Every structure is written in structure tokens, then in C-alpha cells.
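Everything below concerns the one structure shown next.
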Amino acid sequence: MNLTDSIMRLFHAQGAAAYHGEAVSQLEHGLQAAALAQAEGAPEPLVAAALLHDIGHLLEGQDEDLMEQGIDGAHELAGQAFLASGFGPEVLEPVRLHVAAKRYLCAVEPPYLEGLSPASRRSLELQGGPMSAEECAEFEANPHHHDAIRLRRWDDTAKTPNLPTPGLETYRTLLDALCR
Ligand code: FE
């Protein structure tokens, strides 16, 4: 089984799970994020990153419980590790950095923090809160930080109940083409 098959299988098995405190499932959230990326004409690796950015939640399957216990499951690292067998940095880095991008935007753009959903604000605290100036500088030094910020904004928007989107299978060719 190649990585694309593993991804499809994971979404079929776990994708119906709720997206923490939001009115969409994990699969709907990923599909909406990918559709937003495509609507903005994002390059294919970034569309894939949008689709897959929260796959770490599906791997752990239990981090909602962790969050209730006040523990950050670091799903962005679990997701990156899972995807690293097939994808390059253009996919992996925005996935890895999408939580950092939230912490960054909270630091440099105060209205951004105000606009976060209650669940997203709650996880922000577990994730370390807004970045310090030093952390911001380090983040900006990563060549993929702009992509991570774009992904973050789609992530924050991809929470519309019952929004029709293209299905998961429509991304198979794109994912296969990006996999090494
Ligand atoms: Fe997300």
C-alpha cells in the first residue's frame, strides 16, 4: 500500500470524527481547507498540505481527551512524521508549522487572536500562547513560513457546517504525483 492509500484509508476510518469543538468532521475540515487553497490558486504541494494538515489528529485518535486533560498532543509533528515517508518539504513544512503560524499571527496581528474560535483559543494556551519576539524572528527565518500562514488562514476558515466540496478521491492524482 502506498502513502496515498494509507491516507485515504485513514480518512475513511477516522475522518468522521468531530473536529475539536467545531461543527464539522475532520474529513470535512480537510476538504474545505484544500478547496480554499485551490480557490486561491495555491500550488499543488500547498493544496496537499491544506488537505492533510490535521492528519496527526486521525493518527492519535485520542488527543481530544488529551486536550481535556490539558495536554497538547502535538498533532502537527505526528502528521509531519506520518507524511515524511512520501512528501517533500513543500508539503511537510506547512503541516509542521501550522500551529506555529497560529502562535505567530496571535503575536503580530492582535485582531487575529480575537477572531479565533473558542476551541482554537483554548488549544492556543496548551500550544504555548502567542510567540515571543525571538520566536517570531525564528519563524520568519523559515523559508516556508509564508505557506504556513496561508495554510493557517484556510484552517481557521474551513469550519462551515454542510458546505459541499469536492470529495477525497478527487485529490488522489494530486497526492500520487507529489509522493516520491
Ligand atoms: Fe485544522
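The values are calculated or read from the model by the stated rules, or taken from the named source; none is laboratory data. On a predicted model such as this, the values are computed, not experimentally measured, just so you know. Because the Cβ atoms are built from the backbone with ideal geometry, glycine has one as well, and the counts that use them run over all protein chains shown. With ligands, DNA and RNA removed, areas are computed over all heavy atoms of the protein, side chains included. Shrake-Rupley method; radii C 1.70, N 1.55, O 1.52, S 1.80 Å.
Here are some notes:
- For the range 1-48, the solvent-accessible area of protein heavy atoms averages 43 Å² per residue (probe radius 1.4 Å; ligands and nucleic acids excluded).
- Angle between the chain longest axis and helix 145-157 axis [Cα atoms, degrees, rounded to 10]: 80 degrees
- Heavy-atom accessible surface of the range 3-178: percent carbon and sulfur, 1.4 Å: 54 percent
- Accessible area of the range 90-141 divided out per residue, in Å², using a probe of 1.4 angstrom: 48 Å²
- Farthest towards the positive end of the charge dipole of the chain, among the residues GLN14, LEU178, LEU126, is the Cα of LEU178, using unit charges on the Cβ of Lys, Arg, Asp and Glu.
- Charge context of GLY41, other residues only, Cβ under 14 angstrom, K/R +1, D/E -1: -2
- The string of couplings for the range 36-51 from the Karplus curve (6.51, -1.76, 1.60, θ = phi - 60°) is 5, 4, 5, 5, 8, x, 5, x, 4, x, 6, 4, 4, 4, 5, 4 Hz, one whole number per residue in order, with x for Gly and Pro.
- Legend: residues ARG152, ARG9, ARG122, sorted from most to least accessible area (1.4 Å probe; ligands, DNA and RNA excluded), read ARG9, ARG122, ARG152.
- Simple Cβ-charge dipole of the chain, Lys/Arg +1 and Asp/Glu -1, about Cα centre, in debye nearest 20: 320 debye
- Between 0 and 90°, nearest 10: helix 89-108 axis offset from the chain longest Cα axis: 30 degrees
- Sequence-distant contacts, meaning Cα pairs under 8 Å at least 6 residues apart, place the relative contact order of the range 3-178 at 30 percent.
- Net charge, GLY88 excluded, C-beta distance under 13 Å - Lys, Arg +1, Asp, Glu -1: -2
- Dividing the Cα radius of gyration of the range 1-49 by its Kirkwood radius returns 1.02 for Rg/Rh.
- Euclidean distance of C-alpha centroids, the range 132-172 and the range 93-126, integer Å: 11 Å
- For SER25, residues with placed amide H under 5 Å, excluding near neighbours: TYR19
- Calculated [θ] (222 nm, deg cm²/dmol) that DSSP helices of n ≥ 4 give over the chain, each run adding -39,500 (n - 2.57): -19500 deg cm²/dmol
- Per residue, the convex hull volume that the Cα atoms of the range 136-180 enclose (Å³): 94 Å³
- Cα gyration tensor category, rounded, prolate or oblate, for the range 96-180 with a/c compared to 1.5: oblate
- The Rg/Rh ratio for the range 3-178 is 0.93, where Rg is the radius of gyration of the alpha carbons and Rh is the Kirkwood radius.
- Per-residue ³J(HN,Hα) for the range 119-133, Karplus 6.51 cos²θ - 1.76 cosθ + 1.60, θ = phi - 60°, Hz, x for Gly and Pro: 5, 6, 5, 5, 5, 3, 4, 5, 8, x, x, x, 5, 6, 4
- Rounded to the nearest whole Hz, the Karplus-based 3J(HN,Hα) values (6.51 cos²θ - 1.76 cosθ + 1.60, θ = phi - 60°) of the range 2-11 follow the sequence 7, 5, 4, 4, 4, 5, 4, 5, 4, 5, with x at glycine and proline.
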